[in-house]
Amino acid sequence: MRPIAKVVWRYLTHRKVGVNPEFPNLGNFVRTVPERFANGEGKVIYKGRNELRRMAHHGAEMVVKSFHQPHLVNSVVYDNFRSSKAKRSYDYALMLRSIGVGTPAPVGFVNMHFGFFFQRSYFVALASTCPYVYKDLFYKQFHLARDVSRAVGRVTAILHEHGFAHKDYGRGNILFDVDENGVRIEIIDLNRMFIGEIDMQAGCKNFERLPATPQMHRCMAEEYAKIRGFDVEECYALMRTYREAADDKINGLY
């Protein structure tokens with residue numbers, strides 16, 4: 001790139017940075033995440049449309065998510081009229097933690113711009129210490145599988161009671177740990193969230209992407225109904241119906 005082009009590029013390129021006040025010592029790390037990605041820093045743990053890398057700084061283990069560059073229309077919309085995916089992930093993580101729902105502590109976010117055009121965003125969170133993912137329930141033996149199901153039902157009920165519904169509530173976005181104190185749940189991938197009133201039908205439908213045995217659905221329904229004041233049998237029937245419909249759709253039956 002020619003010298004004058006570099007000057008123009010630097011002049012037009014700017015970033016918007018947000019840092020969680022709980023982590024003032026990580027502010028510089030957050031600000032320099034785009035350069036760290038460009039230099040290949042960190043261990044890649046997922047690479048697809050978006051990319052996740054594990055990075056360490058000042059003793060903190062973090063996961064950094066780089067969201068793909070949006071198409072032209074969204075490159076104008078994001079951050080001018082709508083929050084970026086990284087900013088939403090950051091904000092929703094703070095909201096969930098404020099109501100007692102587990103999610104990895106948000107450290108900060110970076111939005112990159114070129115002139116009036118949004119380019120890319122990055123979300124930084126502490127790495128979760130939960131060793132398991134919901135889908136592990138179907139590949140490993142857990143003597144507390146029912147307790148995990150109850151914990152999922154309970155956490156989901158708390159989310160819905162506060163008017164939050166995860167729009168990508170799948171088997172890969174629920175982490176958990178089991179120890180002498182019971183089950184601990186953490187929800188991840190928060191950039192797509194419904195906010196508003198959630199009735200029994202909508203609430204039970206939110207479980208449709210989670211594979212479950214009848215016993216697991218029973219445990220979820222009992223805990224969910226107890227917290228939300230719904231009928232257990234209705235919740236159980238709805239969860240089973242929505243899940244079966246989702247399976248049929250996946251299998252191409254309609």
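Here's a check for you: in region 154-173, which residue that is in a helix (DSSP H, G or I) and touching a strand residue (DSSP E or B) at 6+ places or on another chain (Cβ under 7 Å) is farthest from Asp136 (Cα to Cα)?
Leu159
Would you please name the residue that is most open to solvent (accessible area, probe 1.4 Å), looking only at residues in region 50-109 that are modelled with pLDDT under 95 and of a type in the set (Phe, Trp, Tyr)?
If we take residues in region 50-109 being modelled with pLDDT under 95 and of a type in the set (Phe, Trp, Tyr), then Phe81 is most open to solvent (accessible area, probe 1.4 Å).
Look through region 28-49, keep the residues that are more than 17 Å from Pro104 (Cβ to Cβ) and under 22 Å from the mean Cα position of the chain (by Cα), and return whichever of them is most open to solvent (accessible area, probe 1.4 Å).
Filtering region 28-49 for residues that are more than 17 Å from Pro104 (Cβ to Cβ) and under 22 Å from the mean Cα position of the chain (by Cα), the one most open to solvent (accessible area, probe 1.4 Å) comes out as Arg49.
Checking Thr241 against (1) in contact (Cβ under 8 Å) with a residue 12 or more places away in the chain; (2) open to solvent by 50 Å² or more (accessible area, probe 1.4 Å), only one condition comes out false. Which one?
Tallying (1) in contact (Cβ under 8 Å) with a residue 12 or more places away in the chain; (2) open to solvent by 50 Å² or more (accessible area, probe 1.4 Å), Thr241 fails exactly one: (1).
Can you run down the residue pairs with Cβ atoms below 6 Å, 6 or more apart or on separate chains, where the first is in region 119-139 and open to solvent by less than 20 Å² (accessible area, probe 1.4 Å) and the partner is of a type in the set (Lys, Arg) and assigned to a strand (DSSP E or B)?
none
Can you tell me which residue is nearest to Gly102 (Cα to Cα) among those in region 176-206 that are among the polar types (S, T, N, Q) and without any contact (Cβ under 8 Å) to a residue 60 or more places away in the chain?
Ranking the candidates gives Asn181 first.
Quick one: which of Leu190, Leu159 is under 15 Å from Gly229 (Cα atoms), touching a His at 6+ places or on another chain (Cβ under 9 Å) and either β-branched (Val, Ile, Thr) or surrounded by 14 or more Cβ atoms within 10 Å (Cβ to Cβ) (or both)?
Going through Leu190, Leu159 in turn, the sole match is Leu159.
The values are calculated or read from the model by the stated rules, or taken from the named source; none is laboratory data. A quick note: this is a predicted structure, and the numbers were derived from the prediction, not measured. Backbone-built Cβ (ideal geometry, glycine too); neighbour counts: all protein chains shown. Heavy atoms of the whole protein, side chains included, go into the accessibility calculation; ligands, DNA and RNA do not. Shrake-Rupley method; radii C 1.70, N 1.55, O 1.52, S 1.80 Å.
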